[in-house]
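Structure first, then comments.
The values are calculated or read from the model by the stated rules, or taken from the named source; none is laboratory data. Keep in mind that what you see is a predicted model, and the values were worked out from it rather than measured. Glycine gets a Cβ as well: all are built from the backbone with ideal geometry, and neighbour counts include every protein chain shown.
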Amino acid sequence: MNTDYKVGDLIYDANIYDGLNTFLSDLQFYKKWLPKNKDAKILELCCGTGRLTIPIAQDGYNICGVDYTPSMLEQAETKASKAGLEINFIEADIRTLNLQEKFDLIFIPFNSIHHLYKNEDLFKAFNTVRNHLKDGGLFLLDCFNPNIQYVVEAEKEQKEIAAYTTADGREVLIKQTIRYENKTQINRIEWHYFINGQFHSVQNLDMRLFFPQELDSYLKWAGFSTIHKFGGFQEEVFEDKSEKQIYVLKLLTKTELLTELQF
């Protein structure tokens, strides 16, 4: 069994990434949960090219963005500079991040936890959040609600999922194939890229699936209490057919944690 899970370099090409990810349907949700106090400190983990970081900073918030990919951060810094903003973007692995400071709100957006392929990776990331979150602070994250029917259907054939033009003038077409590994809960996704009408490469977009009760338990074991769990960014009730799992969490006190883990 192949355990070399990864995200292909071309997927993290900043212009190709930005051309695909133009939506902001999640922005208002994250803005809603920001502290009213503009002096609050905000930390975004897996910030990418600043799709959410920059508009939050434009609202006057002190926000810091962390990402693992240099090209994404370079793009984020360029966009922030053009907007006249000074944002602290940090290149780091969220599993080992140690900023030696606390934040009022921390969030991991855009399904990023799906690239934490092993439980130990997930718990290291949650430990990073716990170590950087102030008492009384909030932790928000979103990810997919696994749809097994979709995975089964997607395994049958290659499908076109996107066609667009990048800011630097490239015509991009992406076709997708999927193969699901039951043992590891990894969706082995391959994106077949065609650029300017020519086949370019096959890029992996492997994603670990987290089932609802499983993720609820992991968050509890990591020391978080769920304030809300939504099924969409309009704060829809989470239910069987919800596309998303969206959490608003707080830190459990030591007493609360001991009590929770007894059940």
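Within the stretch 106-144, the set of residues being within 22 Å of S242 (Cα to Cα), among the hydrophobic types (A, V, I, L, M, F, W, C) and in a strand (DSSP E or B) comprises F107, I108, F139, L140, L141, C143, F144.
Residues in the stretch 214-254 that are in a loop (DSSP other than H, G, I, E, B) and among the hydroxyl-bearing types (S, T, Y) were compared, and the one that is modelled with the lowest pLDDT is T253.
To keep it simple, each residue is scored yes or no on (1) in the same structural domain as I246 (by TED's automatic domain parsing); (2) under 24 Å from Q75 (Cβ atoms); (3) at pLDDT below 95.
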site: M1; (1), (2), (3): no, no, yes
site: Y17; (1), (2), (3): yes, yes, no
site: L20; (1), (2), (3): yes, yes, no
site: F23; (1), (2), (3): yes, yes, yes
site: Q28; (1), (2), (3): yes, yes, no
site: K32; (1), (2), (3): yes, no, no
site: P35; (1), (2), (3): yes, no, no
site: K41; (1), (2), (3): yes, yes, no
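Go through the residues of the stretch 145-165 one by one and say whether even a single one is assigned to a loop (DSSP other than H, G, I, E, B), modelled with pLDDT of 95 or more and under 17 Å from the mean Cα position of the chain (by Cα). Within the stretch 145-165, one or more residues are assigned to a loop (DSSP other than H, G, I, E, B), modelled with pLDDT of 95 or more and under 17 Å from the mean Cα position of the chain (by Cα). Out of the residues in the stretch 22-67 meeting the condition of being touching a residue at least 60 places away in the same chain (Cβ under 8 Å), in a strand (DSSP E or B) and charged (D, E, K, R), tell me which one is surrounded by the most Cβ atoms within 10 Å (Cβ to Cβ). The qualifying residue surrounded by the most Cβ atoms within 10 Å (Cβ to Cβ) is E44. Exactly one residue out of I113, I87, I94, I108 is β-branched (V, I, T), surrounded by 15 or more Cβ atoms within 10 Å (Cβ to Cβ), touching a residue at least 24 places away in the same chain (Cβ under 8 Å) and more than 23 Å from G8 (Cα to Cα): that is I87.
Of the residues in the stretch 80-91, none is modelled with pLDDT of 95 or more, in contact with a His (Cβ under 8 Å, 6 or more places away or on another chain) and not polar (S, T, N, Q). The single residue among N196, N182 that is out of contact with any strand residue (DSSP E or B) (no Cβ under 9 Å at 6 or more places or on another chain) and either within 22 Å of F107 (Cα to Cα) or not assigned by TED's automatic domain parsing to the domain that holds F29 (or both) turns out to be N182. Taken as a whole, the structure places F211 among residues that are out of contact with any strand residue (DSSP E or B) (no Cβ under 9 Å at 6 or more places or on another chain), in contact (Cβ under 8 Å) with a residue 12 or more places away in the chain and not hydroxyl-bearing (S, T, Y). For the stretch 141-170, filtering for residues that are among the aliphatic types (A, V, I, L, M), more than 30 Å from K250 (Cβ to Cβ) and buried (at least 17 other Cβ atoms within 10 Å of the Cβ) leaves 1.
Examine the stretch 182-203 for a residue that is under 20 Å from the mean Cα position of the chain (by Cα), more than 25 Å from Y218 (Cα to Cα) and polar (S, T, N, Q), and state whether such a residue exists. The answer is yes, given that some residue of the stretch 182-203 is under 20 Å from the mean Cα position of the chain (by Cα), more than 25 Å from Y218 (Cα to Cα) and polar (S, T, N, Q).
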